[in-house]
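Q: Structure in structure tokens, see below.
The values are calculated or read from the model by the stated rules, or taken from the named source; none is laboratory data. This structure is a prediction, so every number in the text was calculated from the model and none was measured. Every residue, glycine among them, receives a Cβ derived from its backbone with ideal geometry; neighbour counts consider all protein chains shown.
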Amino acid sequence: MQVTSKNLYIVSTPIGNLEDITLRALDVLKKSDIILCEDTRQSIKLLNHYKIKKKLIPYHKFNEKKQITPVIKYFNDGKILSLISDAGTPLLSDPGRLLVNECLINHIKVTPIPGPSSITAAMSVSGFKDKFLFFGFLPKTHNELEKVLETLSRSNFTQVFFIPSKKINFYFKSFKKFFSGRKIIIAKEITKIHEEFYREDIDKLNVIDNSFKGELTVIISNQSVNIKKEINEEKIVNKAKKYLKKYSLKDTVDLILETEKINRKKIYDLCLKIKNEKN
């Protein structure tokens, strides 16, 4: 493969096991003059393993705006540059978007060098429908999280998130509220020695001891794998009509869900229909 200047290479690197890297990725890294990376201390482990010695420049969320101008200058000087993240495929919940767009503006080609991704790795063993939505990192505050999950819960697609292991129990509470009836997989340390896939029905989730480390890849199933429950529609309708006289649509749905442990979207759609009929 010919590796050229005026071309930003987006290189996927291992998500754990250092053997999970393509021959093409190694070739590009060996031929690069400069490698942009999130954390030089992390990237040097991979490069040392393959005896690659190149100039490393930190490129992360705290300095990416400042680095744009000097990086473009490197291209104008004829340097070959590649971008890597700490692990996996760059730009998926990692910095790089600003640089890619600036390269395109400056007529610098952007070439992907495909490889490992915790998203596809976890999806491949999930057993869930392969039509999925990738959200990335969820909000850290309760109110923002509720708003996001309220919207996402209406989707019938499989959904993929990144979650810091230290906050897993915080997110469990909201998952149970908004994704009742679905299944969940928590993938930890994918491709590493202590790799594990924790599978459970969301309704059965309990607080777990925080033995997980790092970032977790969490997948929530689409609704079609759920065990369907009979809905007493007349009962729901009567409650909805009563609550909608006093409360908002969202609060009405929440109140009904306190006693009716069925799919949130079905209750939401029913309440919305009743609200629209009243208007």
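Q: If you check every pair at least six apart or on different chains, which have Cβ atoms under 9 Å apart with a residue in segment 51-64 that is assigned to a helix (DSSP H, G or I) first and a residue that is among the aliphatic types (A, V, I, L, M) second?
A: Hits for this filter: GLU64/LEU98; GLU64/LEU99.
Q: Just checking, which of ILE44, ILE15, ILE35 is β-branched (Val, Ile, Thr), under 15 Å from THR111 (Cα atoms) and in the same structural domain as ILE105 (by TED's automatic domain parsing)? Can you show your working first?
A: On the way: ILE44 fails: under 15 Å from THR111 (Cα atoms); ILE15 fails: under 15 Å from THR111 (Cα atoms).
Only one candidate passes the filter, namely ILE35.
Q: ILE186: in contact with a Lys or Arg (Cβ under 9 Å, 6 or more places away or on another chain), within 30 Å of THR259 (Cα to Cα) and in a strand (DSSP E or B), yes or no? Give the derivation first.
A: Values: in contact with a Lys or Arg (Cβ under 9 Å, 6 or more places away or on another chain): yes; within 30 Å of THR259 (Cα to Cα): yes; in a strand (DSSP E or B): yes.
The answer is yes for ILE186.
Q: Would you tally the residues in segment 138-177 being touching a Lys or Arg at 6+ places or on another chain (Cβ under 7 Å) and of a type in the set (Val, Ile, Thr)?
A: 1
Q: When you go through THR40, THR13 one by one, which is the residue that is crowded, with 20+ Cβ neighbours inside 10 Å and either farther than 23 Å from LYS73 by Cβ or free of Cβ contacts under 8 Å to residues at least 40 places away in the same chain (or both)?
A: Numbers: THR40 fails: crowded, with 20+ Cβ neighbours inside 10 Å.
One residue alone meets the criteria, THR13.
Q: Considering only segment 118-155, state which residues are free of Cβ contacts under 8 Å to residues at least 40 places away in the same chain, among the charged types (D, E, K, R) and surrounded by 14 or more Cβ atoms within 10 Å (Cβ to Cβ).
A: GLU146
Q: Look through THR141, THR191, THR151 and report the one residue that is among the β-branched types (Val, Ile, Thr) and either closer than 30 Å to GLU19 by Cβ or in the same structural domain as PRO90 (by TED's automatic domain parsing) (or both). Can you show your working first?
A: Numbers: THR141 fails: either closer than 30 Å to GLU19 by Cβ or in the same structural domain as PRO90 (by TED's automatic domain parsing) (or both); THR151 fails: either closer than 30 Å to GLU19 by Cβ or in the same structural domain as PRO90 (by TED's automatic domain parsing) (or both).
Testing whether each residue is among the β-branched types (Val, Ile, Thr) and either closer than 30 Å to GLU19 by Cβ or in the same structural domain as PRO90 (by TED's automatic domain parsing) (or both) leaves just THR191.
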